[in-house]
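Enquirer: Take this structure, written in structure tokens, and hold onto it; I'll ask about it next.
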Amino acid sequence: MGTVISAERVEKSAKLIKLKVDIGEERQIVAGIGKAYTPEELVGKKIVVLANLKPAKLMGIESQGMLLAATDSEGTLSVLAIDRDVKTGARIR
């Protein structure tokens, strides 16, 4: 579980947002959620993060994890978020 510290759109991309996320350590995550969220909506959110992945590059920017999201049958995307005040870095079980 991580808290979004900052978020910004990736230049020349309609979908990608670069996030700084505190998961007990700071990680940079690049996610294709820019058509459903503005960066301002994401700052402060407590989100579900996969942190045990190899880093990957998206449009030349390193992503050090992946956030989890759901999409319904109509294509509406929703980032999985924590609904209680849980300590940053908590493990998902």
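The values are calculated or read from the model by the stated rules, or taken from the named source; none is laboratory data. Note that the structure is a prediction, hence the values are computed from the model and not measured. Because the Cβ atoms are built from the backbone with ideal geometry, glycine has one as well, and the counts that use them run over all protein chains shown. Quick note on the areas: whole protein, heavy atoms, side chains included, nothing else; ligands and nucleic acids left out. Shrake-Rupley method; radii C 1.70, N 1.55, O 1.52, S 1.80 Å.
Enquirer: Among the GluC sites (Glu not before Pro) within the range 14-57, which fall in a DSSP loop and have no more than 15 other Cβ atoms within 10 Å of their own Cβ?
Expert: Those that pass, being in a loop and sparsely packed, are Glu25.
Enquirer: What FRET efficiency do you get for Lys35 and Arg93 if R0 is 30 Å and r is their Cβ-Cβ distance, rounded to the nearest 0.05?
Expert: 0.45
Enquirer: A follow-up question, please. Ignoring ligands, DNA and RNA, what percent of the accessible area of the range 1-55 is carbon or sulfur (1.4 Å)?
Expert: 48
Enquirer: Right, next: In square angstrom, what is the accessible area per residue of the range 1-74 with a 1.4 angstrom probe?
Expert: Heavy-atom SASA per residue in the range 1-74 reads 59 Å².
Enquirer: Further, regarding this structure: Take the Cα gyration tensor of the range 30-93, multiply each eigenvalue by 5, square-root it, and list the three semi-axes largest first, rounded to whole angstrom.
Expert: Calculated on Cα positions only, the semi-axes equal 19, 18, 12 Å.
Enquirer: Next question, about the same structure. So how strong a dipole does the chain carry about its Cα centre when Lys and Arg Cβ are +1 and Asp and Glu Cβ are -1, to the nearest 20 debye?
Expert: Once rounded to the nearest 20, the dipole reads 280 debye.
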